[in-house]
Amino acid sequence: MEASRRYDLALFGATGFTGGLTADYLAAHAPAGMRWALVGRNRTKLEGVAGRLAAASPEAPEPDLVVADAGDREEMRKLAEETRVVVTTVGPYALYGWPLVAACAAAGTDYCDLVGEPEFVDRVYVDHHAEAERTGARLVHCCGFDSIPHDLGAYFTVQQLPEGVPLRVNGYVKTNARFSGGTYHSAVNGFARARQTMSAAKDRRRLEPRAEGRGIHAAPARVRRDGSLGGWTVPLPTIDGAVIRRSAAALDRYGPDFTYGHNMVSKHLATVGAIAAGVGTAGLLAQLPPTRKALLKLKAQGEGPSEAERERSWFKIVFLGEGGGKRVRTEVSGGDPGYSETAKMLAESGLCLAFDQLPERSGQLTPAVAMGDALLERLQKADIRFQVMESG
């Protein structure tokens, strides 16, 4: 495939905020001779991005500029057939992502995105997993803050524990960052599509085989005060827990019986209540078109914080793992999760798919299953810290 395709990598959505940061990172870290393209709807904006890249990274390989629309199936087919790896930031994916992922599955093209929308991930599995297995495509979702530091963090934690025994891991997320405009729009549209989300999950459960002879479980949800973690721990119902459990189902290293719980940490219980109330209210308002439209107007999809604001943002995820008589505490940490680090994670995922020696797997895969040790090494070199804090 390498010799017959025009591009090693194509970045779709290069003119958006996170897409632009991803383009910056790719230009600064591209291997010599990388054949790549910036893809978007507006040539003038693409030219602006290319000009900025040339000024900031003059030694970087010059990207081609490809004008294409997410809704045009023929343009998506052509893009998929011309490249080995497509990286896309164009969301909400449940609204705009279908033609591209379908084209990649059909063409045997590796694909990675920033989706945090369960409906899209489940429906892609139902509609395209079997075809991607047949063509050799790797469809890797959730390659930003949702869910790489969680998925690779759990993977890293499991590696510190004994093999062949039941394992239990709990993750605890701390951050001072705010949501991106794209994440906000995806969340509002996700609330509005609750029925479709449940239907997609049901269809996937009917199709997806269970881990044979092994148990994979979600930890019981509970709110509690934990002084060692610095606050109240509250179950976090994001897609990350499901991604981690899918990695565990696919990889025997997680043991014969694996349990994972996903949580956030807040200093004050009142903050937890305020967040829960806000999410509940948004969920109700998103059900009606007029109020949903008003919610979407509150935050522009392409907007983002200044560089100075991003520099002040951080995240830390603590993992507590136990099994076989051993306990371990690990941490994954980095800078601004919603933008800078998300762009870094997505770009490194695309480069990993394009250039690293990876397991011979295909279909819809989690980051840990598709890229595992190779991506973990890339992230560590890129200053996302994976550390063992306690072991005994």
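The values are calculated or read from the model by the stated rules, or taken from the named source; none is laboratory data. All of these numbers come straight from a predicted model, not from anything done at the bench. Heads up, the Cβs are rebuilt from the backbone with ideal geometry, glycines too, and the neighbour counts pull from every protein chain shown. Remember, those area values only see protein heavy atoms, side chains included, never the ligands or the DNA or RNA. Shrake-Rupley method; radii C 1.70, N 1.55, O 1.52, S 1.80 Å.
Residue count for segment 91-114 under the criterion of being at pLDDT 95 or above and either hydrophobic (A, V, I, L, M, F, W, C) or touching a Pro at 6+ places or on another chain (Cβ under 6 Å) (or both): the result is 11. Of the strands (runs of 3 or more DSSP E) entirely within segment 300-376, none holds at least 3 residues that are touching an Asp or Glu at 6+ places or on another chain (Cβ under 6 Å) and touching a residue at least 40 places away in the same chain (Cβ under 8 Å).
All of Glu81, Glu131, Glu75 fail the test of being in contact (Cβ under 8 Å) with a residue 60 or more places away in the chain and acidic (Asp, Glu), apart from Glu81. On the stretch given as segment 19-42, residues that are within 19 Å of Leu379 (Cβ to Cβ), open to solvent by 50 Å² or more (accessible area, probe 1.4 Å) and of a type in the set (A, V, I, L, M, F, W, C) total 1. Candidates are the residues of segment 214-241 that are modelled with pLDDT of 90 or more and of a type in the set (Gly, Ala, Ser); the one that is most open to solvent (accessible area, probe 1.4 Å) is Ala218. The residue that is farthest from Gly171 (Cα to Cα), among those in segment 202-224 that are assigned to a loop (DSSP other than H, G, I, E, B) and of a type in the set (A, V, I, L, M), is Ala211.
Among the strands (runs of 3 or more DSSP E) confined to segment 80-160, the ones with at least 3 residues that are open to solvent by less than 30 Å² (accessible area, probe 1.4 Å) are located at 83-88, 110-113. The residues of segment 241-254 that are within 16 Å of Ala370 (Cα to Cα) and not hydrophobic (A, V, I, L, M, F, W, C), listed by number, are Arg245, Arg246, Ser247, Asp252, Arg253, Tyr254. Residues in segment 231-272 that are charged (D, E, K, R) and within 14 Å of Ile148 (Cα to Cα): Asp240, Arg245, Arg246.
Could you tell me how many of the residues in segment 343-367 are open to solvent by 10 Å² or more (accessible area, probe 1.4 Å) and within 15 Å of the chain's Cα centre (by Cα)?
Looking only at that region, the number is 5.
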